[in-house]
Amino acid sequence: MSVASLETRFTRDLDAERQVLLGGDNGLRGYPLRFADGTSSALIMLEHRLFTAWEPLRICRVGGALFFDAGRTWGATGGTESGWLKDIGVGLRLGNSRSSRGNVIHVDFALPLDARDQVDSLQIVVRTKASF
C-alpha cells in the first residue's frame with residue numbers, strides 16, 4: 001500500500017511555546033528534532049508499506065516501509081531558513097495484535113539528503129501511531 005500526504009501550516013505572532021517545527025518525529029525523519037523552525041511550513045511524505053502475515057508469538061504483526069520526506073519552513077523565528085530539506089529511509093512496523101486500540105510502533109532509519117554538514121548521516125526515529 002502506498003501513502004502520500006501533504007501538510008502545510010501558516011501562522012503568525014507565535015510565542016516561544018508554540019512554534020512550527022520540522023525534524024525527528026514531527027516530519028523530516030532524517031533530521032534531528034526541531035531542526036527547522038519558522039512561522040509556516042510545508043511537508044510532503046511518500047511512503048510505501050509492506051504488510052506480512054508474520055505474527056511472532058501472536059503478539060505483534062510485522063511490516064515494513066520505504067519512505068521519502070521533503071519539507072521546509074519559512075518566516076524564521078530564531079533559526080535559519082534552509083530551503084527544502086529531503087530524506088529517504090526504511091522503517092519497521094510492529095502492530096499490536098492483542099489490543100483493540102490498533103497502536104503501531106514505528107522504527108524508522110532515515111538518511112538526510114541535504115544539510116549533511118549539519119546532521120549525522122543516520123537518524124533513528126521511534127514513535128507510536130494509532131494506525132497500521
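Tabulated results
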quantity: Local net charge near Ser97, Cβ-Cβ under 10 Å (Lys/Arg +1, Asp/Glu -1); calculated: +2
quantity: Listed values [x] 49, 30, 22; [y] 89, 25, 24; [z] 58, 32, 20, entry calculated as Cα extents along the principal axes in Å; calculated: [x]
quantity: Proximal charge balance of Thr11 [Cβ under 14 Å; K/R count +1, D/E count -1]; calculated: -2
quantity: For peptides 112-119, 6-13, sequence by mean Cβ density within 10 Å, most packed first; calculated: 112-119, 6-13
quantity: Most fluctuating residue given options Gly83, Gly71, Gly30, as computed from a GNM of the chain linking Cα atoms under 10 Å; calculated: Gly83
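Bear in mind these aren't lab numbers, they're just calculated from the coordinates by the rules spelled out. This one's a predicted model, so the numbers in the text were calculated from it and none came from an experiment. No Cβ is skipped: glycine too gets one built from the backbone with ideal geometry, and neighbour counts run over all protein chains shown.
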